[in-house]
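Q: Could you have a look at this structure, given as structure tokens, before my questions?
No lab work stands behind these numbers, since they all come straight from the coordinates. These numbers were taken from a predicted model, which means no experiment stands behind them. All Cβ positions, glycine included, derive from the backbone under ideal geometry; neighbour counts span all protein chains shown.
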Amino acid sequence: MADWHTTIRERDFPMLEQAECDGRALIYLDNAATTQCARPVQWALESYWRSQHANVYRGAYCLSRRAGEAVEEVRQLCAEFLGAGSGNEIIFTAGATASANLLADAFALTELRPGDLVLATEMEHHSNLLPWREACRRTGAELALAPVTGEGELDLEALDRLLERRPKLLAVTAVSNVLGTITPLEEIVSRAHRVGCAVAVDAAQAMRCALPGVDVLDCDFLYFSAHKIMGPTGVGVLYGKRAWLEKLTPPRTGGGMVRALPGMEPEYEDVPLKFEAGTLDLAGVAGLGAALEYLHAVGRRRIAAREQALLRYTEKKLRELPGLRVLGSPRRRAGCVSFTAEPLQPLDVAMLLDSQGIAVRSGSHCAIPLHARLGLSGSVRVSPAFYNTAEEIDILAAALARVLDSARKGGVLKDKANG
Ligand code: PMP
């Protein structure tokens, strides 16, 4: 009998079997950038457009009422998925980046004053860094980065020293999108809370790795995108503790978020609606709901365990290749493993792999400060998902061995020198 993941791969991700790029079969190992959309999610999107589309909240008619109920059902589903107290703590956004920007703008409006301190870490994705930099720039607050150790862990002692300065908020990733480091969130949150510092968690890379619920983490905010959990692009979630969401001023205004406008002074709707100005990506929300149901049906623990095993295997195979340097050796890793193969450039490695049908990512992965900390301008990232196979990793390792071998013999390097 076939393994569950083989069955699921064939049934729910036929494109992995059928796709070909430039005449080659595809080996898709760029799941940290985006995952393939599961067929049940595609069906939900199709069904939405076929028979459910209407704008929400504003209609007295049946179709609109139903559309509104469907959105609230997904909100509830998200709350359960995240371990949140209620759907009121779930704001729909255009994705993790939009969530971070919305939160940073709200925080800047409501909380930040000149001289305040905001912390992020050296391993943040630009999406969890630049919104905070902007918030600080606008308000005269300072942004400081908690350093990362050579192994790729967050330096907790250095973080403690920064926390002594009583920052207002710490923006931290749950899983690094370069090193795969799983940060010790419960520890970080408890240290931050001791000094009254709020914690915003970027969970973009963490939703397939059995992250504890927000009720356990006790973080104040958390965000993620649907497209990294087999859902559609353009939709995501900002979770916030209710007390925080009630306190924060919405930075975006428009339709659907005020209940009255006496003398042009808006009276905002209750949370979460006050943060959802304008029409949501309603099909996207339906797709997000379908993605959460899909993860639940396949089994979150099963997915996490399978991805852990594949990642360990990937790291082992990469470490066996002479001339290849795996970045970091964090105690707990999820999602991806990155490497360099100097003097080959990451882009060259990725293009040589592409010529053999293997899709991996190269560059800074929107984490320039982290690469700078490691003395690099970029790396190659391999990120398997549960639908990948050990055979695909073997093919990757063999292809890399050939690339490294030909570089050693001067082939690739000589071509580069000449070109
Ligand atoms: N944070 C991390 C850690 C990520 O990996 C990504 C996506 N690469 C984002 C944030 C941004 O996600 P999105 O582009 O879906 O907004």
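Q: So in the chain, what percent of DSSP beta bridges are antiparallel if you round to the nearest 5?
A: 60
Q: If we count other beta carbons within 10 Å of each Cβ, what is the order of 244, 132, 43, fewest first?
A: Sorted ascending by nearby Cβ count, the order is 43, 244, 132.
Q: Report the net charge of residues surrounding residue 208, where surrounding means a beta-carbon distance below 10 angstrom and charges are Lys +1, Arg +1, Asp -1, Glu -1.
A: My count for the surroundings of residue 208 gives +2.
Q: Now for a different question. Gain in length, residue 7 to residue 215, computed as 0.36 nm per residue apart minus the alpha-carbon separation, to one decimal in nm?
A: Contour length minus the Cα-Cα distance gives 71.5 nm.
Q: Report, largest value first, the span of the C-alpha coordinates of segment 134-225 along each principal axis, in whole Å.
A: 37, 29, 26
Q: Taking only Cα atoms of segment 18-91, what ratio of Rg to Rh do you get with Rh as the Kirkwood inverse-distance radius?
A: Computed over Cα atoms, the ratio is 1.14.
Q: Could I ask something else about it? With just the Cα atoms of segment 260-376, tell me how far they stretch along each of the three principal axes, in Å, largest first.
A: 70, 37, 33
Q: Going by average Cβ neighbours within 10 Å, how do the peptides 373-384, 294-305, 394-405 rank, with the highest at the top?
A: Packing order, densest peptide first, comes out as 373-384, 394-405, 294-305.
Q: Per the helix-only calculation at 222 nm, which mean residue ellipticity applies to the chain, given -39500 (n - 2.57) for every DSSP H run of n ≥ 4 and division by its residues, nearest 500 deg cm²/dmol?
A: That calculation yields -12500 deg cm²/dmol at 222 nm.
Q: Given all pairs of different Cα atoms, what value in angstroms does the Kirkwood hydrodynamic radius of segment 76-177 take?
A: Evaluated on segment 76-177, it is 14.7 Å.
Q: Follow-up question, since we're still on this one. Sorted from fewest to most neighbouring beta carbons within 10 Å, what does the list 224, 339 look like?
A: Fewest to most other Cβ atoms nearby, the residues stand as 339, 224.
Q: Based on the alpha carbon coordinates of the chain, what radius of gyration and maximum Cα-Cα distance (Dmax) apply, in Å?
A: According to the Cα coordinates of the chain, Rg and Dmax are 22.4, 77 Å.
Q: Using Cβ contacts closer than 10 Å as the measure, can you line up 227, 5 from fewest to most?
A: Ascending Cβ contact count within 10 Å gives the list 5, 227.
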